[in-house]
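Read the structure below first, then the notes.
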């Protein structure tokens, strides 16, 4: 019984690791629009970053990509504590993709895509 339980547990851990690796690999292949959806950015910024849910949430569509990237990274690194920053940090921490927060490379892809809208 102990051996079968240990084997089942080991198999479960291995499968979880494989799933995590698969998600990471899939994320590496995603474009900015897909990453925007994956990280649930539209929940606050609206469809295609064009319809924010609050005055504290900026419209991102059409903004300069470098500006979006710089501001997002400052917020995620905790370099600002504005109300907007608190809202974004909370959204990232509690989103469905919270086990996989956006990397700087992913935010750059998202920012590059948003700049084209």
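The values are calculated or read from the model by the stated rules, or taken from the named source; none is laboratory data. All values reported here derive from a predicted model rather than from experimental measurement. Glycine gets a Cβ as well: all are built from the backbone with ideal geometry, and neighbour counts include every protein chain shown.
Among the residues of the stretch 49-68 satisfying the criterion of being surrounded by 14 or more Cβ atoms within 10 Å (Cβ to Cβ) and in contact (Cβ under 8 Å) with a residue 40 or more places away in the chain, which is farthest from residue 108 (Cα to Cα)?
Top of the filtered list is 50.
Which condition from (1) surrounded by 16 or more Cβ atoms within 10 Å (Cβ to Cβ); (2) part of a helix (DSSP H, G or I); (3) modelled with pLDDT of 85 or more is the one that residue 86 breaks?
(1)
Among the helices (runs of 4 or more DSSP H) contained in the stretch 1-73, which hold 3 or more residues that are farther than 24 Å from residue 83 by Cα, under 13 Å from the mean Cα position of the chain (by Cα) and at pLDDT 95 or above? Outline the logic, then answer.
Numbers: elements: 2-29, 32-38, 42-45.
Filter on the stretch 1-73 gives 32-38.
Given the condition under 11 Å from residue 115 (Cα atoms), assigned by TED's automatic domain parsing to the domain that holds residue 106, in contact (Cβ under 8 Å) with a residue 60 or more places away in the chain and in contact with a helix residue (DSSP H, G or I) (Cβ under 7 Å, 6 or more places away or on another chain), answer yes or no: does some residue in the stretch 69-84 qualify?
The initial filter retains those residues of the stretch 69-84 that are under 11 Å from residue 115 (Cα atoms), namely 69.
From what's left, assigned by TED's automatic domain parsing to the domain that holds residue 106: 69.
Subsequent filtering for residues that are in contact (Cβ under 8 Å) with a residue 60 or more places away in the chain retains none.
Scanning the stretch 69-84 turns up no residue that is under 11 Å from residue 115 (Cα atoms), assigned by TED's automatic domain parsing to the domain that holds residue 106, in contact (Cβ under 8 Å) with a residue 60 or more places away in the chain and in contact with a helix residue (DSSP H, G or I) (Cβ under 7 Å, 6 or more places away or on another chain).
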